[in-house]
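Input: a single structure, listed below in structure tokens.
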Amino acid sequence: MKVGILGGGQLARMLAQAGGPMGVSCMFLSPDPQACAKPFGEHLCVAYDDPDGQHRLAEWADVITYEFENVPEAAVAVLERRRPVYPSSLALAASRDRLVEKDRFRALGLATAEFRAVDSLADLIDGAAEIGLPAILKTRVQGYDGKGQRVLRHSTDLQAAWERLGHVPCILESMVPFDRELSIIAARSRTGDTVHYPVSENYHREGVLRLSLSRAGDAMQPEAEALISRLLRDLDYVGVLALELFQVGDRLLANEMAPRVHNSGHWTIEAAPTSQFENHLRAICGLPLGPTTPIQQAATVNFIGRLPAEAAITAVAGAIPHVYGKAERPGRKVGHVTLLDTPGAPEPFERRLTRLLDVTGVPDLHYSVTAIP
């Protein structure tokens, strides 16, 4: 099977790595000459809207997917007329615009934070008066990993935030006093079969995910599965979908969805019988989905900006590093480490995770380890 992928970053790289043992070949269309996925397939180094590149990808591939939701909608629409594209352009359109996304959540009965559309400074002033401060102003498209957003705490912050984001269409969201940040990942096949992974408990710093803990048996699992299943059915979705959630008491509020494999599910590579990457390929290629019941407790810690010394990581029992082959740069995801609850390890899982948090520069997340049941 030949899979064309729009994008050449680490998610495309891990999809291709999962596809190798399955006999899946990959071609990446990415304008980045340093695309870290290119050692694992053929790289078309052209713009996403390049007609020749689109033609070559469509001629070669049996099916096409994408690794992030900011690919141009027009490029997906062109390719969709030539080859099956999963997830579909409908799913892409529903997720890439935060206002459209929130409206869909509400229409399907998924609770969200309060929000208002913002197309001008006057809209922002009115919206802040209606939903109150603190709040978060986000661009409707293109923002990710903390980019394209500003926290508003005082009325004096409004004009500066509007100017800083470039006077583009935005959404204003109320700050949620959440107990936990969770995410759930599910895969849906072409025939509608669906599998769910256990929820992950997530911790961010400066808008970037730093730590994910797999939470098999979590009390919020049934509700999380019900919420993401509504989205999967409504979008007639094919592939892996991630839904980010806030837990407030015994309720879940939908934050964002990602029509792709997701950082909070990287632990599935080692700790699940079928990783999210393999199940995404299985879904889009028309193959049966694989089981998702986790083999053991696991956590993922991201490498942001720089790579720790490999010896410091591998000295921790059950730690498996993944290096993406990307140049180090502040705020950039350059790799991750998965920690497994290895039987017979010389130290408890919690102690080993604490050591990894120290090595990766987020010792302030020690408190999250004490919450592991």
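When the helices (runs of 4 or more DSSP H) confined to the stretch 253-360 are screened for residues that are without any contact (Cβ under 8 Å) to a residue 40 or more places away in the chain, assigned by TED's automatic domain parsing to the domain that holds Phe40 and touching a Cys at 6+ places or on another chain (Cβ under 9 Å), none reaches at least 1 such residues. Among residues of the stretch 80-103 that are within 16 Å of Ala58 (Cβ to Cβ), those with a Cβ under 6 angstrom from a residue that is part of a helix (DSSP H, G or I) and of a type in the set (Ser, Thr, Tyr), sequence gap 6+ or separate chain, pair up as Glu80/Ser89.
Would it be correct to say that Ala74 is buried (at least 19 other Cβ atoms within 10 Å of the Cβ) and among the small types (Gly, Ala, Ser)? So Ala74 does not fit the description; no. So which residues in the stretch 212-243 are over 13 Å from the mean Cα position of the chain (by Cα), part of a strand (DSSP E or B) and hydrophobic (A, V, I, L, M, F, W, C), if there are any at all? If the condition is that a residue be over 13 Å from the mean Cα position of the chain (by Cα), part of a strand (DSSP E or B) and hydrophobic (A, V, I, L, M, F, W, C), then Leu213 is the only one that fits.
In the condition set (1) part of a helix (DSSP H, G or I); (2) among the basic types (Lys, Arg); (3) in contact (Cβ under 8 Å) with a residue 60 or more places away in the chain, Arg106 is compliant with all but (3).
Being part of a loop (DSSP other than H, G, I, E, B) and hydroxyl-bearing (Ser, Thr, Tyr) is a property that Thr191 has.
For (1) among the polar types (S, T, N, Q); (2) within 20 Å of the chain's Cα centre (by Cα); (3) at negative phi; (4) buried (at least 21 other Cβ atoms within 10 Å of the Cβ), each residue gets a yes or a no:
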site	(1), (2), (3), (4)
Ile313	no, no, yes, yes
Ala319	no, no, yes, yes
His322	no, yes, yes, no
Pro330	no, yes, yes, no
Gly344	no, no, no, no
Glu347	no, no, yes, no
Arg352	no, no, yes, yes
Val359	no, no, yes, no
Thr370	yes, no, yes, no
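Name the single residue that is nearest to the chain's Cα centre (by Cα) among those in the stretch 62-86 being part of a loop (DSSP other than H, G, I, E, B), closer than 17 Å to Gly8 by Cβ and not acidic (Asp, Glu). My answer is Phe68.
Residues in the stretch 135-162 that are under 27 Å from Phe68 (Cβ atoms), charged (D, E, K, R) and at pLDDT 90 or above: Lys138, Arg140, Arg150. Residues being over 25 Å from Glu69 (Cα atoms) and surrounded by 15 or more Cβ atoms within 10 Å (Cβ to Cβ) are represented in the stretch 282-294 by at least one member.
Every listed requirement among (1) within 19 Å of Val261 (Cβ to Cβ); (2) touching a helix residue (DSSP H, G or I) at 6+ places or on another chain (Cβ under 8 Å) is met by Asp234 save one, (1). If you go through the stretch 33-61 and pick out every residue that is of a type outside the set (Phe, Trp, Tyr), assigned to a helix (DSSP H, G or I) and surrounded by 15 or more Cβ atoms within 10 Å (Cβ to Cβ), you end up with 6. Of the residues that make up the stretch 152-165, is at least one assigned by TED's automatic domain parsing to the domain that holds Leu340, farther than 27 Å from Ile304 by Cβ, among the aliphatic types (A, V, I, L, M) and over 19 Å from the mean Cα position of the chain (by Cα)? The answer is no, given that none of the residues of the stretch 152-165 is assigned by TED's automatic domain parsing to the domain that holds Leu340, farther than 27 Å from Ile304 by Cβ, among the aliphatic types (A, V, I, L, M) and over 19 Å from the mean Cα position of the chain (by Cα).
Within the stretch 121-136, restricting attention to residues that are among the small types (Gly, Ala, Ser) and touching a helix residue (DSSP H, G or I) at 6+ places or on another chain (Cβ under 8 Å), which residue is surrounded by the most Cβ atoms within 10 Å (Cβ to Cβ)? Don't jump to the end; show me each part of the working.
Of the residues in the stretch 121-136, the ones among the small types (Gly, Ala, Ser) are 122, 127-129, 132, 135.
With the extra rule that they be touching a helix residue (DSSP H, G or I) at 6+ places or on another chain (Cβ under 8 Å), the set shrinks to 128, 135.
Values: Ala128: 22, Ala135: 26.
Per the criteria, the residue is Ala135.
Given the structure, is Gly127 within 18 Å of Pro31 (Cα to Cα), in contact with a strand residue (DSSP E or B) (Cβ under 6 Å, 6 or more places away or on another chain) and not assigned by TED's automatic domain parsing to the domain that holds Glu278? No; evaluated as a whole, the condition is false for this residue.
The values are calculated or read from the model by the stated rules, or taken from the named source; none is laboratory data. Just so it is clear, the model here is predicted, and its values are computed rather than measured. Cβ: placed from backbone, ideal geometry, glycine included. Neighbour counts: every protein chain shown.
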